[in-house]
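Visitor: Please find one structure pasted underneath; my questions will follow.
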Amino acid sequence: MPIHEKSLIRPENLTTHDKLEIDGVDVSGHWSTFIESRVLTDYNEALQDEVQALPGGEAVHRCWQCGSCTNACTVNAINPDFNPRYWIYLIRLGMEQELLRDKDIVWQCVSCNKCTHVCPRDVNPEGVMKALAHWLELKGHTARSPSTEFDEEFASQVFETGKIEESRVIRGFFRRTGQPLMQDWLIAMTRRMLRHVPVKLLLAMGLQGLLRPSTRSWGAARGAIRDYVARRERENRRALGLDAAAHQGD
Amino acid sequence: MTTVSPQKDYREVAYYPGCALEGTGHAYDRSTRAVAEALGLRLVDVRNWNCCGAMEVKNVDPKLQTYLSSRVMSIASEEMGHDVVMAPCNGCYHNLKKAEHDIANDAGSAEVVAELSRKAGHATYQVGKLETIHALDWIKRTLGDEGVRSRVKRPLTGLKVANYYGCMYTRPRHIFPEKDKGPGSESTARPHFMDDILAAAGAEIVDYPLKTACCGGAHTLSDSDLSTKLVVNLLRAAEACGADVIATECPTCHSGLEMHQVRAETRFGITTRPAMLYFTQLLGLALGIGPKALGIHENVSSALELVRERGLA
Ligand code: SF4
Ligand code: SF4
């Protein structure tokens, strides 16, 4: 999969003239496309430090821009704008505005670890993607992504009981994201399951909600985890220069 | 670092089913236990286990995931005295392996694990005490290909199988120090343990180029269209290889393939033929176990129809 660097040039900076002559030279048409030069003055010098302070972003400074991560990336193969190497480049240079152009797709990383597997510099690009998505949300550049909603629904159940119950996670996620539980394809899937599995058993699977799986004597672990999460949240916000005090009460 | 030692007895191991095997992956748990029974292998459930954190807790904080996995490993080793734990789920297997690696190599992770273990009131897991293996390793180390072959009662003759391993079983390589060690070891680039086992069970293995591609399991609900696209790729590639079956070794991959096969049909009118079966279901059939005891009737795809049609049930 080639990396089309042309997509990195903003379309508004490409100009073609139907009829133009400069110093007696005809520069009309497609073959004389001009790329307007950019002047960058808005570096965020703290950007790399901020991403590094978030979990997963620790080793971003090690990147030597080989491009192996993007070349191996599952999401890049579907959407060429999803470009971990390029985003790491922007993080390292502090080019925040440029980075924000792609802010709405960063969360789509599927954590397949193809990048981390091939990275010759132990950058852990998968972790950097998560740190970057986290950074975008903490800074208020993006709304909470569906992925964050899912992670939090899932994690809150683990923290609460030590285990998860899948149907409860699914219901919780649909509730959080305002989607109906009765999705056409979920109904179609249930119908198929009914071919061989009696309704009684399916109901029993649904009723698992009543006998929620949980880990015994989880109370002490629950308390320790909650304290740790609250502490990390404060540390993350502080590293990004956000008001930590507002969250101290958690 | 734990290595395969001849003294270890893999015929009796601690068993960590994990949350998925109590829910959508129920048939994987059932077939794994049925296979163990048929082969005289003993699985001792880890007492009072907790979730390993799956794909989600690491996004809240990776060290928390390390702690969750370490608690399971602490119970299996310190409280129950086991030196091997078997996890059939790729997510659990991966997280326990990663915890072993991170506690050994990252002081920050070790510190968080020690702190949380102390506060939670259990022993801190000690690196090297426990070897985490996958269900594939378990069959390989107890029976091996020859052992499987000698116990086959109903060979899977004529069944064309594409083996799908997904992401978490091989990537990233640094958490699997025992892989890529030459002949006999598992390969991270071209894993083959499931191919070997099912070939020994008599199946016809097709050369499946997407065996370690991603099914998009992390976003199965949060970005469903992307997952459907990735799954359709997997299904179509298997079809193009002539496979009747995609054999799986992970509950998340398995239910992702099944769910998005239905979703591709419902939402996009894309129909694909392969049926999904856990490798333990296929192995179980070959060992002469009935389809019901292997939970094949619980599969969403047309697995039961297929095995009946082929006279395997
Ligand atoms: S593979 Fe690693 S070193 Fe290469 S560009 Fe990606 S992050 Fe940088
Ligand atoms: S983990 Fe994310 S960034 Fe890395 S290859 Fe997979 S999808 Fe791409």
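The values are calculated or read from the model by the stated rules, or taken from the named source; none is laboratory data. For clarity, every value in this text was computed on a predicted model and none was experimentally measured. So basically every Cβ, Gly included, is an ideal-geometry build from the backbone, and we count neighbours across all protein chains shown. Side chains are part of the model used for accessible areas, which takes the heavy atoms of the whole protein and leaves out ligands, DNA and RNA. Shrake-Rupley method; radii C 1.70, N 1.55, O 1.52, S 1.80 Å.
Visitor: Hand me the chymotrypsin sites (Phe, Trp or Tyr not before Pro) from the stretch A:100-174 located in a DSSP loop with no more than 13 other Cβ atoms within 10 Å, in residue order please.
Guide: Passing both the DSSP loop test and the Cβ count: no residue.
Visitor: Compare B:220, B:280, B:66 in a GNM of chain B, Cα atoms joined below 10 Å, and give the one with the largest fluctuation.
Guide: Taking springs between Cα atoms under 10 Å, the residue moving most is B:220.
Visitor: How are the C-alpha pair distances of chain A spread across 10 Å bins, as whole percents from the shortest bin up?
Guide: 6, 21, 26, 22, 15, 6, 3, 1, 0
Visitor: State the Cα centre-to-centre distance between the stretch A:45-83 and the stretch B:112-167 in whole Å.
Guide: One Cα centre to the other: 32 Å.
Visitor: Contact order normalised by length for the stretch B:63-188, with contacts defined as Cα pairs under 8 Å and 6 or more residues apart; what percent is it? Present the calculation step by step, with values, prior to reporting the outcome.
Guide: Working: 127 pairs, mean separation 36.3, N = 126.
Taking the mean separation of contacting Cα pairs over the length of the stretch B:63-188, I get 29 percent.
Visitor: Would you work out the charge dipole size for the stretch B:8-133 about its Cα centre, treating the Cβ of every Lys and Arg as +1 and the Cβ of every Asp and Glu as -1, and quote it to the nearest 20 debye?
Guide: Computed charge dipole of the stretch B:8-133: roughly 100 debye.
Visitor: Roll a 1.4 Å probe over the protein chains and send me the accessible area per residue for the protein assembly as shown in Å². Mind dumping the intermediate values first?
Guide: Details: 23640 Å² over 563 residues.
Value returned for the protein assembly as shown: 42 Å² of accessible area per residue.
Visitor: Let's see if you can work this out: charge +1 on each Lys and Arg Cβ, -1 on each Asp and Glu Cβ, no other charges. What is the dipole magnitude of chain A about its Cα centre, in debye to the nearest 20?
Guide: 1740
Visitor: Rounded to the nearest Å, what's the spacing between the alpha carbon centres of the stretch B:1-73 and the stretch B:211-233? Just the number, please.
Guide: Distance between centres, Cα-based: 24 Å.
Visitor: Please state, to two decimals, what the Cα-based radius of gyration of the stretch B:25-98 comes to when divided by 2.2 N^0.38 Å (N = residues).
Guide: Here the answer is 1.18, to two decimals.
Visitor: What residue among A:136, A:194, A:240 has the largest mean-square fluctuation in a Gaussian network model of chain A, using Cα springs under 10 Å?
Guide: Per the Cα network of chain A with a 10 Å cutoff, A:194 tops the list.
Visitor: Kindly point out which whole DSSP H helices in chain B project their C-alpha atoms 30 angstrom or further along the helix axis while averaging a Kyte-Doolittle hydropathy of 1.6 or above.
Guide: Result, helices passing both filters: zero.
Visitor: Could I ask something else about it? Among the listed pairs B:98/B:160; B:63/B:292; A:130/B:140; B:97/B:119, which have their C-alpha atoms separated by more than 31 angstrom in this model?
Guide: Result: B:98/B:160; B:63/B:292; A:130/B:140 exceed 31 Å.
Visitor: In Å, the Kirkwood hydrodynamic radius of the protein assembly as shown over pairs of distinct alpha carbons?
Guide: Mean inverse Cα-Cα distance, inverted, gives 25.0 Å.
Visitor: Same structure again: Put +1 on the Cβ of every Lys and Arg and -1 on every Asp and Glu Cβ in the protein assembly as shown; which of B:246, B:277, A:108 then has its Cα farthest towards the positive end of the dipole?
Guide: Most positive-ward Cα: B:277.
Visitor: Same structure again: Quick one: helix A:146-161 against the long Cα principal axis of chain A, what's the angle to the nearest 10°, folded into 0 to 90?
Guide: Roughly 30 degrees between the two axes.
Visitor: Between B:49, B:126, B:150, whose Cα lies farthest towards the positive end of the dipole of the stretch B:1-155 when Lys and Arg beta carbons carry +1 and Asp and Glu beta carbons carry -1, centred on the Cα centre?
Guide: So the residue furthest toward the plus end is B:150.
Visitor: May I ask you to give the percent of accessible area on the stretch B:8-133 that is carbon plus sulfur, with a probe radius of 1.4 Å?
Guide: C and S fraction of accessible area: 45 percent.
Visitor: Specify the angular offset, from 0 to 90 degrees and rounded to the nearest 10, of the alpha carbon long axis of helix A:219-239 from the longest principal axis of the alpha carbons in chain A.
Guide: Between the helix axis and the principal axis of chain A, the angle is about 20 degrees.
Visitor: Here is a further query. Quick one: order B:122, B:26, B:260 from most to least accessible surface, probe 1.4 Å.
Guide: B:26, B:122, B:260
Visitor: Taking only C-alpha pairs under 8 Å that are 6+ residues apart, what is the relative contact order of chain B in percent?
Guide: Normalised by residue count, the contact order of chain B is 20 percent.
Visitor: While we're here: From the Cα gyration tensor of the stretch B:154-309, with a ≥ b ≥ c the square roots of its eigenvalues, which class applies: rounded if a/c is under 1.5, or else prolate if a/b is larger than b/c, or else oblate?
Guide: It is oblate, given that a/c is not under 1.5 and a/b is not larger than b/c.
Visitor: A further question follows. Pick from A:13, A:113, A:79 the residue whose mean-square fluctuation is largest in a GNM of chain A, springs joining Cα atoms under 10 Å.
Guide: A:13
Visitor: Which whole number in µm²/s is D for chain B by Stokes-Einstein, with the Kirkwood Rh taken over Cα pairs at 25 °C and 0.890 mPa s?
Guide: It comes out at roughly 125 µm²/s.
Visitor: Provide the buried accessible surface between chains A and B in square angstrom, both chains summed, 1.4 Å probe, rounded to the nearest 100.
Guide: Adding both sides of the contact gives about 5500 Å².
Visitor: Also, I was wondering about something else. Kindly tabulate the residues in the stretch A:134-156 with an accessible-area decrease of at least 50 Å² between the chain alone and the assembly of all protein chains, using a probe of 1.4 Å.
Guide: Those residues are A:150, A:151, A:154.
Visitor: Just report the Cα centroid separation between the stretch A:138-186 and the stretch A:90-110, whole Å.
Guide: Between the Cα centre of the stretch A:138-186 and that of the stretch A:90-110, the gap is 24 Å.
Visitor: In degrees between 0 and 90, to the nearest 10, how far off the longest principal axis of chain A does helix A:184-193 point, with axes built from Cα atoms?
Guide: Relative to chain A, helix A:184-193 is tipped by roughly 50 degrees.
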